[in-house]
Amino acid sequence: MLPPHDRAAARQLLDQLMQENPGFDPFDFLLAAGWLSFTDYEAWRLGQRPELLALLRAEPKLKATELAALLTDLHSYARAQGLIGQPQLLERWGREPGLLKIGAGPTKPPLDELLGIRFETDPTRKQLDLFHDSGATLLENRLREALRARRPDAAVDALEQLRARRPDHPQLGGWRQLVDAPATLATMPDLGGRFQVLDALEPVARQLLGQRSSARDYLAPLWTALAEALTEARAKDTQTQAESTSTTARPHPAIAWARAEHWQQARAAIEATPKWNSQLKLMALHARVCWQDGDPLSARDDWLRLCWEQPDQAARLLQAQDFPDANLAAAWQRFEDSDAELDNQDFPAWLLLTSPGLVPPDPDLVPRDTDLAEIFAAAQALRAEPDQIARRETLDALHAGLLRAFLATRGRSGAQRS
């Protein structure tokens with residue numbers, strides 16, 4: 001979660017968002033900062049939550065005036081990058097739009113004004129050819145907004161107007177796919193096949209809807225509906241002790257919940273699965289959804305267990321560019337650069353000895369392998385009594401490389417103090 005009063009970190013996050021998409025939507029920033037969950041944001045947009053500000057979960061809690069000051073700064077920063085502000089109505093999604101409430105007291109500028117502007121690249125910079133049809137562009141914009149705001153009738157109307165105006169429009173087939181998808185998917189009895197169709201629809205949505213947030217807002221209810229269907233089917237299988245009869249293997253419901261960015265539901269679905277922590281894919285997914293749901297300790301617990309259970313896979317996760325835990329990724333890089341002779345399975349014990357603040361205080365964090373468990377216990381004992389010679393000798397006998405890494409860390413700490 002982004003520290004709420006760190007302006008430099010806020011600008012750095014905005015830079016990352018603008019690298020992914022050349023624009024800035026304040027709601028995307030709140031979601032990316034971890035201050036707002038998509039589940040809560042979606043519920044507010046659907047009119048199921050009365051006020052937005054009450055849903056923010058920044059720690060320490062942000063005051064309305066502090067959030068207004070931060071957004072004002074980010075607006076200025078976005079303008080300095082050449083982006084142009086465009087109004088966006090704070091309307092309820094669905095067939096009956098209505099104005100939504102932020103729930104803040106008076107601020108300067110008002111929060112609803114700050115949240116009611118998104119920034120895009122300057123349209124005058126775009127190279128328009130002789131065949132550019134501004135009317136078709138306006139209809140595409142209407143399609144985009146209708147799909148994002150979940151207004152199917154408005155989307156159908158805009159699509160028919162676009163087809164009448166430009167029957168040779170190159171994107172007409174893609175727009176038709178997006179408009180028809182909810183009804184098409186709802187009639188598919190094979191949930192595995194439905195997953196594949198929806199998965200293939202994602203790149204179409206990202207291409208036509210533009211910003212990542214628009215595609216996410218459109219796709220989320222489709223993934224949610226599939227997740228609910230998969231959960232129901234899984235429950236029936238459990239009750240009847242029957243195997244799936246789908247022609248395509250059904251994915252785990254947690255995968256669909258995660259694609260909808262409903263992290264709590266994804267976590268609950270995983271934890272309801274017997275022996276989930278012995279399944280590599282579910283462990284890796286559990287770590288990611290815990291991190292996204294604001295529980296870094298549980299996520300790190302999973303990643304360290306993966307180092308013991310699936311060391312090669314854990315290494316790939318920790319080295320990936322999109323690995324979310326920057327502190328753990330940096331520790332892994334130091335581990336890789338260490339002169340000591342270490343294997344991937346040694347990372348949890350090494351981390352305990354060199355960066356103990358990154359190790360979750362979980363008494364059940366113990367490897368299943370007997371030898372690894374003995375080494376980890378010795379590392380724990382040495383961490384508790386770092387100056388005890390007997391503790392050092394025990395670890396040295398079990399894993400001399402870990403002792404050398406520990407002593408090197410102690411030596412650097414001593415040098416810095418002196």
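The values are calculated or read from the model by the stated rules, or taken from the named source; none is laboratory data. Keep in mind that what you see is a predicted model, and the values were worked out from it rather than measured. Neighbour counts run over all protein chains shown; Cβ positions are idealised from the backbone, glycine included. For accessibility, only protein heavy atoms count, side chains too; no ligands or nucleic acids. Shrake-Rupley method; radii C 1.70, N 1.55, O 1.52, S 1.80 Å.
Histogrammed with a bin width of 5 Å, the alpha carbon distances of the stretch 37-129 distribute as 3, 12, 19, 21, 19, 13, 8, 4, 2, 0, 0 percent, first bin at zero. With both labels modelled 7 Å from their Cα along Cα-to-Cβ, the ASP343 to GLU113 distance reads 6.4 nm.
Here the chain exposes an accessible surface that is 50 percent carbon and sulfur, computed with a 1.4 Å probe and the other protein chains kept in place. For the stretch 194-292, the gyration tensor built on C-alpha atoms gives an oblate shape. Its axis ratio a/c (a ≥ b ≥ c) is at least 1.5, and a/b is not larger than b/c. Gain on full extension, evaluated as 0.36 nm per residue between ARG165 and GLN333 minus their Cα-Cα distance, stands at 54.9 nm.
Helical content of the chain, expressed as a calculated mean residue ellipticity at 222 nm, amounts to -19500 deg cm²/dmol (DSSP H runs of 4 or more residues, -39,500 (n - 2.57) each, divided by residue number, nearest 500). The listed peptides 360-369, 227-236, ordered by packing as a protection proxy, come out as 227-236, 360-369 (highest mean of other Cβ atoms within 10 Å first). A cut-off under 9 angstrom between Cβ atoms defines the neighbours of LEU46, and their net charge, with Lys, Arg +1 and Asp, Glu -1, is +3. Taking each residue as 0.36 nm, the span from ASN141 to HIS5 lengthens on full extension beyond its C-alpha to C-alpha distance by 45.4 nm. You can think of it this way: the chain between ASP237 and ILE84 has 49.8 nm of extra reach, that is 0.36 nm per residue less the Cα-Cα gap. For the chain, the number of Lys pairs separated by eight or more positions or lying on different chains, with C-alpha atoms closer than 27 Å, is 6. Local charge for LEU208 was computed over the other residues whose Cβ lies under 12 Å away, with Lys and Arg +1 and Asp and Glu -1, and equals +2. Shape analysis of the stretch 282-325 places it in the oblate category; the axes a ≥ b ≥ c from the Cα gyration tensor give an a/c of at least 1.5, with a/b not above b/c. Projected over all directions and averaged, the alpha-carbon convex hull of the chain occupies 26.1 nm². Extents of the stretch 302-418, taken as max minus min of Cα coordinates on every principal axis and listed largest first, are 39, 36, 26 Å.
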